[in-house]
Structure formats: C-alpha cells, structure tokens
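J.: Would you mind keeping the following structure in view while I ask a few things?
Readers should treat all values here as calculations from the given coordinates under stated rules, not as data from a laboratory. What you see is a predicted model, and the numbers here were worked out from it, not measured in a lab. Here Cβ is always computed from backbone atoms with ideal geometry, including for glycine, and neighbour counts include all displayed protein chains.
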Amino acid sequence: MRNTARWAVTLGLTATAVCGPLTGAALATPSPVPASLYAPSALVLTVGHGDSAATAVPERAVTLTCAPTASGTHPAPLDACAELRAAGGDMETLTGGGDVVCTKEYNPVVVTADGVWQGRRVSFRHTFANECAKNASLTSVFAF
C-alpha cells in the first residue's frame with residue numbers, strides 16, 4: 001500500500017507541476033496587446049480590361065496606405081488619401097470634375113479596391129465603358 005500511496009503523490013505532484021500553469025488565471029489573462037492610435041487604412045487598387053471584375057486581368061496595381069501617413073506605390077498618395085477621407089472611404093461617391101466628352105467606344109475597364117478603410121473591410125468593383133469614361137468619372141484614387 002505504501003508503494004501505491006507514493007505513486008499517487010508523485011503522480012499528483014507531477015500533474016500539478018506540468019498542468020498547473022495551463023489552468024486557472026493563466027488561461028483567463030490575455031497577453032497585453034499594444035493599442036494603435038490609428039485604425040488601419042490600407043488598400044490594393046487595380047485597373048484592368050474586361051467585362052467584369054471576375055473576368056478582367058489586372059494590368060496595373062498599386063498599394064495605398066492612408067493611416068498614419070499617406071504612402072504606398074500609388075503615384076499621388078497624399079491626393080488619393082485626401083479624396084478618400086473627404087468621401088468617408090465610400091468609393092461610390094468619388095466623382096471626377098469637369099466636362100469631358102468621351103467616344104462611344106466599348107472597351108470596358110474594371111477598377112477594384114480591396115483592403116481596410118479605418119478598420120473596416122472594403123471591397124469595391126466598377127466597370128466603365130472605356131478608359132476615357134473611367135478618367136472622367138473618377139478622381140486621383142484610380143489615376144495610376
């Protein structure tokens with residue numbers, strides 16, 4: 001019986017030593033994560049020819065990061081970020097200015113934007129009749 005009691009105590013102490021850190025407060029306390037001062041705003045923008053975003057092959061793609069500062073491979077990140085901020089990140093409301101006359105040629109151009117704007121997921125797709133219509137309708141966000 002002594003041998004059984006010794007094994008029980010040894011097994012109990014071993015289990016406590018090995019499994020003790022895995023129970024109780026160790027599981028309840030999350031590891032500290034530093035809080036960011038800025039909600040992320042980073043997008044991948046593409047332009048390609050095709051009838052829809054599903055069939056178009058991207059011909060040009062850039063990255064655009066707007067928080068904490070404007071950066072990325074976009075040729076005018078400051079202007080693009082300012083326009084997106086003014087639109088509240090809603091790309092449907094971005095419109096170009098001026099009276100541009102375009103031909104009726106049908107050569108569809110698809111623009112896409114995927115990423116995160118101020119911490120929320122964004123996915124935008126739009127098809128224009130041709131390059132001229134795209135340039136007349138949009139601002140500098142898709143001018144690359």
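J.: Along the principal axes of its C-alpha atoms, what lengths does segment 50-144 span, in descending order and rounded to whole Å?
T.: Result, largest extent first: 41, 31, 21 Å.
J.: Mind checking the log10 I(q)/I(0) for segment 90-144 at q = 0.17, 0.23, 0.27, 0.30 Å⁻¹? Debye, one equal scatterer per Cα, no solvent, two decimals.
T.: After summing over all Cα pairs, the log10 values are -0.57, -0.93, -1.16, -1.31.
J.: Related question: Modelling each spin label as a point 7 Å along the Cα-to-Cβ direction, I'd like the residue 61/residue 95 distance in nm, to one decimal.
T.: Distance between label points: 3.1 nm.
J.: Another question about this same structure. May I ask you to evaluate 6.51 cos²θ - 1.76 cosθ + 1.60, the Karplus curve with θ = phi - 60°, for each residue of segment 100-115 and list the ³J(HN,Hα) values in order in whole Hz, giving x for glycine and proline?
T.: 10, 9, 10, 6, 8, 4, 9, 9, x, 10, 10, 10, 9, 9, 9, x
J.: On full extension of the chain, what length is gained from residue 129 through residue 69, given 0.36 nm per residue of separation minus the C-alpha to C-alpha distance?
T.: Working: separation 60, 0.36 × 60 = 21.60 nm, distance 3.38 nm.
Fully extending the segment from residue 129 to residue 69 adds 18.2 nm.
J.: So what are the radius of gyration and Dmax for the Cα set of segment 72-113, in Å?
T.: Looking at segment 72-113, its Cα Rg and Dmax stand at 13.2, 34 Å.
J.: Also, quick follow-up: Can you give the FRET efficiency to the nearest 0.05 for residue 82 and residue 51, using r as the Cβ-Cβ distance and R₀ = 41 Å?
T.: Values: r = 32 Å, r/R0 = 0.78.
Approximately 0.80, to the nearest 0.05.
J.: Counting other Cβ atoms within 10 Å of each Cβ, which trypsin sites (Lys or Arg not before Pro) in segment 95-144 have at most 15 and sit in a DSSP loop? Walk me through the intermediate numbers first.
T.: Numbers: sites: 104, 120, 121, 125, 134; in loops: 104.
Here the trypsin sites (Lys or Arg not before Pro) that fit, given the DSSP loop and packing criteria, are 104.
J.: Using per-residue counts of other Cβ atoms within 10 Å, averaged over each peptide, order 41-48, 83-90 from highest down. Display every interim value, and only then the final one.
T.: On the way: 41-48: 20.0, 83-90: 15.2.
Averaged packing, sorted descending, gives the order 41-48, 83-90.
J.: Please list, by residue number, every one of the chymotrypsin sites (Phe, Trp or Tyr not before Pro) in segment 88-138 that is coil in DSSP and has at most 15 other beta-carbon atoms within 10 Å. Working shown, then result.
T.: Numbers: sites: 106, 117, 124, 128; in loops: 106.
Loop-located and lightly packed - 106.
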